[in-house]
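All remarks here apply to the structure that follows.
What follows draws every value from the coordinates through simple rules; no lab data is involved. Here the structure is a predicted model, which is why all the values come from computation and not from measurement. Cβ coordinates were reconstructed from backbone atoms using ideal geometry, including for glycine residues, and neighbour counts include every protein chain displayed.
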Amino acid sequence: MNLKQLVIVAIFLLSIVSNTYGSVVVSQGGEIPNKFKQSLTERNKKDLSEANAQIDYADIFKLKQGTIGNYGSIRIDMQGTFTQGGEKWHNLQAQINGISGSSTVAHVNVCENVMSTKTNEQKEVQRKVRNAMLQSLSSGKTYNVYNK
């Protein structure tokens, strides 16, 4: 194999890796289910930001329901999984602590098709999930994170 062929193969391989890695998308969905009806305080927003920073990649894809971030007035729970379009999704919800009923202030669904064994891709998924949680808080909408 000459140098020109080697460069062409390298470019081709890089484009495949780049396309796979770059295809994780975040899209806005519908209204947040069980949405908290009152206005959020600045403290609630700050607490969500702190709880959100606690989410790591492994927490996103837990198989058991439970809290994956908790700070002050806000906790973030992995509420469970569901299947849609043949894909398994994880339901993440930020909720006001100490309130029963409608307490969700941010909601993100994460498809398992974004799972990866590569550290750099895991960090990108974690970053996109955290950003989606903040976008959900700001917009009042559910966000979905998935691979095209």
For the chain, with only Lys/Arg (+1) and Asp/Glu (-1) charged at the beta-carbon, what is the dipole magnitude about the Cα centre, in debye rounded to 20?
140 debye
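Jot down the per residue volume, in cubic angstrom and as a whole number, of the convex hull over the alpha-carbon atoms of the range 86-148. Walk me through the intermediate numbers first.
On the way: hull volume 6.6 nm³, N = 63.
Dividing the Cα hull volume of the range 86-148 by its residue count gives 105 Å³.
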Residue-wise, which Karplus ³J(HN,Hα) couplings in Hz belong to the range 44-58, taking 6.51 cos²θ - 1.76 cosθ + 1.60, θ = phi - 60°, and x for glycine or proline?
4, 5, 5, 4, 4, 4, 5, 5, 4, 5, 7, 5, 10, 3, 4
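On a full-extension model of 0.36 nm per residue, what is the gain between S49 and S138, subtracting their alpha-carbon distance, rounded to one decimal in nm? Present the calculation step by step, with values, prior to reporting the outcome.
Details: separation 89, 0.36 × 89 = 32.04 nm, distance 1.16 nm.
Extra length from S49 to S138 when fully extended: 30.9 nm.
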Per the 1/(1 + (r/R0)^6) rule, R0 = 41 Å and r from the Cβ atoms of E42 and Q84, FRET efficiency to 0.05 is 0.70
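Once you've got the Cα coordinates, tell me which of K118/K141; K64/K88; K35/K123; K64/K141; K64/K128 are over 19 Å apart. If you can, show how the numbers build up before the last one.
On the way: K118/K141 30 Å; K64/K88 14 Å; K35/K123 29 Å; K64/K141 25 Å; K64/K128 22 Å.
Where the Cα-Cα span goes over 19 Å, the pairs concerned are K118/K141; K35/K123; K64/K141; K64/K128.
Within 10 Å, count the other beta carbons around each residue, average over each peptide in 128-136, 91-99, and list them highest first.
Numbers: 128-136: 20.7, 91-99: 18.9.
The densest-packed peptide leads the list: 128-136, 91-99.
How high is the relative contact order of the chain, given as a whole-number percent (alpha carbon pairs under 8 Å, six or more residues apart)?
On the way: 267 pairs, mean separation 39.7, N = 148.
The normalised contact order for the chain reaches 27 percent.
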Across bins of 5 angstrom width beginning at 0, how are the C-alpha pair distances of the range 28-147 distributed, in whole percent?
2, 13, 24, 26, 21, 9, 4, 1, 0
